[in-house]
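Inspection log for the structure reproduced underneath, given as structure tokens.
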Amino acid sequence: MNAPQPRLFEFRMGERAPETLVVASANRDAARLLTDWRAWPGGALALCGPKGSGKTHLALAWALEAGARQVSAASAPDAAAAVFTEAGGRLFIDDVDAGADEAMLWRVLDLARGQGGAVLLVGSGEPRSWPAAAPDLRSRFAALAVARLGEPDEALLEVVLRRICREQFSQLSDDAVKYVARRLPRTFAAAHDWAAELDASLVKAAKPVALPAARKALEKAQARWGAAGDG
């Protein structure tokens with residue numbers, strides 16, 4: 001009998017995510033670093049990965065496990081510092097790469113390093129590429145320890161496909177999700193692209209999406225990818 005697949009933090013996130021986070025090759029190293037949050041160098045860690053790779057879901061799972069609070073990337077320094085204190089130094093800040101209050105980031109990173117804490121900064125791309133006008137903050141970004149999310153393997157891709165379709169109020173049959181996961185490129189972008197094709201052509205119904213509809217959406221997506229490559 002096969003051993004159960006390992007899980008990270010058990011959590012419920014409503015309709016936007018699975019009830020549990022599956023640990024697979026794409027996120028195993030990141031999961032290990034997050035579970036060891038008490039040992040983050042300087043009290044901070046950067047979590048980065050491709051769009052749609054589950055960075056926010058993983059960060060929320062960590063927050064539930066560690067008792068951390070989320071603050072907006074646009075928060076004022078004093079407000080973020082107050083939450084830092086209330087949360088015992090455990091914070092996470094999402095979308096740091098989309099433009100954040102630099103004075104706030106500098107303040108909480110200083111607090112984490114000086115007082116002890118665990119601040120998780122989440123964004124796409126490597127931290128050294130995150131925008132910062134202040135040279136000192138760019139240096140702090142570049143010095144962060146980094147947890148990276150990779151592209152999915154087949155097992156994780158099945159989970160991702162089910163999650164995306166659930167967000168679109170569809171349910172995939174077992175044979176449909178296995179068929180698509182075996183044939184899709186192993187990227188989160190491809191999963192979202194295929195799901196968009198399915199959603200555009202699907203008449204919503206209570207029953208699960210069957211294999212013919214899934215195959216047709218895959219063929220349309222593949223034809224579009226081929227046309228883009230030819231161009």
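The values are calculated or read from the model by the stated rules, or taken from the named source; none is laboratory data. Computed from a prediction, not measured in an experiment: that's the story for all the values here. Using ideal geometry, Cβ is built from the backbone for each residue, glycine included, and neighbour counts are taken over all protein chains shown.
Values as computed for the structure displayed
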| read-out | value |
| --- | --- |
| Single unsatisfied condition, R128 versus (1) modelled with pLDDT under 95; (2) touching a Pro at 6+ places or on another chain (Cβ under 8 Å); (3) of a type in the set (K, R) | (2) |
| Verdict on E154 being of a type outside the set (K, R) and free of Cβ contacts under 8 Å to residues at least 40 places away in the same chain | yes |
| First in region 98-121 and touching a residue at least 40 places away in the same chain (Cβ under 8 Å) and within 21 Å of L33 (Cα to Cα), second anywhere and basic (K, R) and not in a strand (DSSP E or B), Cβ under 9 Å, 6 or more apart | L109/R140; A118/R38 |
| Helices (runs of 4 or more DSSP H) wholly inside region 117-198 containing at least 3 residues that are surrounded by 22 or more Cβ atoms within 10 Å (Cβ to Cβ) and hydrophobic (A, V, I, L, M, F, W, C) | 154-167, 174-183 |
| Looking only at region 26-45, and only at residues there that are farther than 18 Å from R162 by Cα and in a loop (DSSP other than H, G, I, E, B), the one that is modelled with the highest pLDDT | W40 |
| Within region 47-58, considering residues that are surrounded by fewer than 22 Cβ atoms within 10 Å (Cβ to Cβ) and in contact (Cβ under 8 Å) with a residue 60 or more places away in the chain, the one nearest to the chain's Cα centre (by Cα) | T56 |
| Checking G43 against (1) in contact with a helix residue (DSSP H, G or I) (Cβ under 7 Å, 6 or more places away or on another chain); (2) closer than 27 Å to A190 by Cα, the condition it does not meet | (2) |
| Filter result (of a type in the set (G, A, S) and part of a helix (DSSP H, G or I)) within region 107-116 | A112, G114 |
